[in-house]
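The values are calculated or read from the model by the stated rules, or taken from the named source; none is laboratory data. Everything numeric here is computed off the predicted structure, so don't read it as measured data. All Cβ positions, glycine included, derive from the backbone under ideal geometry; neighbour counts span all protein chains shown. What goes into the accessible areas is simple: the full protein's heavy atoms, side chains included, and nothing from ligands, DNA or RNA. Shrake-Rupley method; radii C 1.70, N 1.55, O 1.52, S 1.80 Å.
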Amino acid sequence: MSEERFGEFVLVRRHADGHVAELALDRPKAMNAVSTAMARSLSAACAALAEDRDVRVVVLTSTHERAFCVGADLKERNSFSDADLLRQRPVTRGAYTAVLELPQPTVAAVHGFALGGGFELALSCDVIVADRTAVVGLPEVSVGVIPGGGGTQLLPRRVGAARAAELVFTARRVAAEEARELGLVDQLVEEGQDRQDALELASRMAANSPVGLRAAKRALRLGHGLDLRAGLEVEDAAWRSVAFSGDRAEGVAAFNEKRAPRWPGE
């Protein structure tokens with residue numbers, strides 16, 4: 001396993017021959033509250049991962065024992081003028097967008113508190129694995145703002161408009177069991193197992209074609225919310241992007257030769 005640090009608060013670890021990358025939030029003294037510096041580091045790490053053709057799946061984790069991420073750094077923001085807050089906005093928005101737009105499949109490993117911007121980082125991933133200590137929610141209206149890291153758009157896509165409205169308007173926190181029942185998280189695992197189970201899930205994903213994985217994610221993301229005819233056009237475009245690839249040729253050959261594929265990744 002190799003490690004690379006981006007700034008003070010973000011760590012990238014590469015697992016499974018470099019095909020699974022762990023994007024670790026590493027600001028334990030602040031329970032991974034997203035400061036301006038941390039947002040910049042998260043964007044830089046995601047930019048590097050997006051360009052790394054060896055990385056097939058990304059797992060978003062936390063190094064803090066009791067929290068995934070508690071959201072925006074409100075202590076930092078308390079010192080801001082209006083002009084400071086306005087200048088910070090594209091920096092923080094860019095961090096959430098960077099996670100959301102990673103071309104590889106992404107898995108969030110959540111334990112403890114995942115609130116506000118912390119839950120929005122998890123929502124930006126394709127799959128959320130949570131352990132039984134997880135507490136999630138979007139409490140922004142309780143401090144006079146709204147979810148601004150994608151929450152008002154990503155949450156209703158998961159749970160429907162009415163359920164998202166209830167959760168956002170009440171600002172309530174949701175414990176792990178109910179979060180799984182409502183679809184706020186996808187897999188519920190035993191306490192302390194979120195990271196390991198998420199990495200194992202990522203390894204199973206990473207065994208597949210990197211070209212296929214990126215194209216499938218593109219089709220899923222771009223087609224969501226479109227009418228069926230338009231969605232099928234998105235799917236067809238994604239299919240055409242892989243149909244004549246080296247991965248497709250290798251996948252068919254490996255199947256017929258009854259062996260594990262050796263993906264060229266192109």
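Remarks
- Set side by side, the residues 5, 14 differ, and just one is without any contact (Cβ under 8 Å) to a residue 24 or more places away in the chain and out of contact with any Gly (no Cβ under 6 Å at 6 or more places or on another chain), which is 5.
- Applying the set (1) assigned to a helix (DSSP H, G or I); (2) touching a residue at least 40 places away in the same chain (Cβ under 8 Å); (3) of a type outside the set (Ser, Thr, Tyr) to residue 185 leaves exactly one unmet item: (1).
- Enumerated helices (runs of 4 or more DSSP H) restricted to the stretch 52-123, each holding at least 2 residues that are of a type in the set (D, E, K, R) and surrounded by fewer than 24 Cβ atoms within 10 Å (Cβ to Cβ): 74-78, 82-100
- Scanning the stretch 179-194 for residues that are open to solvent by less than 40 Å² (accessible area, probe 1.4 Å) and at positive phi yields a count of 1.
- Hits in the stretch 243-266 - residues which are open to solvent by 100 Å² or more (accessible area, probe 1.4 Å) and on the phi < 0 side of the Ramachandran plot: 244, 248, 255, 256, 257, 262, 266
- Meets criteria (farther than 23 Å from residue 64 by Cβ and surrounded by fewer than 17 Cβ atoms within 10 Å (Cβ to Cβ)) for residue 163: yes
- The stretch 120-150, residues that are among the polar types (S, T, N, Q) and touching a Leu at 6+ places or on another chain (Cβ under 7 Å): 124
- Of all the residues in the stretch 219-234, those that are surrounded by fewer than 17 Cβ atoms within 10 Å (Cβ to Cβ) and either in contact with a helix residue (DSSP H, G or I) (Cβ under 8 Å, 6 or more places away or on another chain) or hydrophobic (A, V, I, L, M, F, W, C) (or both) number 9.
- Tabulated pairs, the stretch 39-62, first closer than 21 Å to residue 197 by Cβ, second of a type in the set (Phe, Trp, Tyr), C-beta under 9 angstrom, 6+ apart or interchain: 56/263; 60/68; 61/68; 62/68
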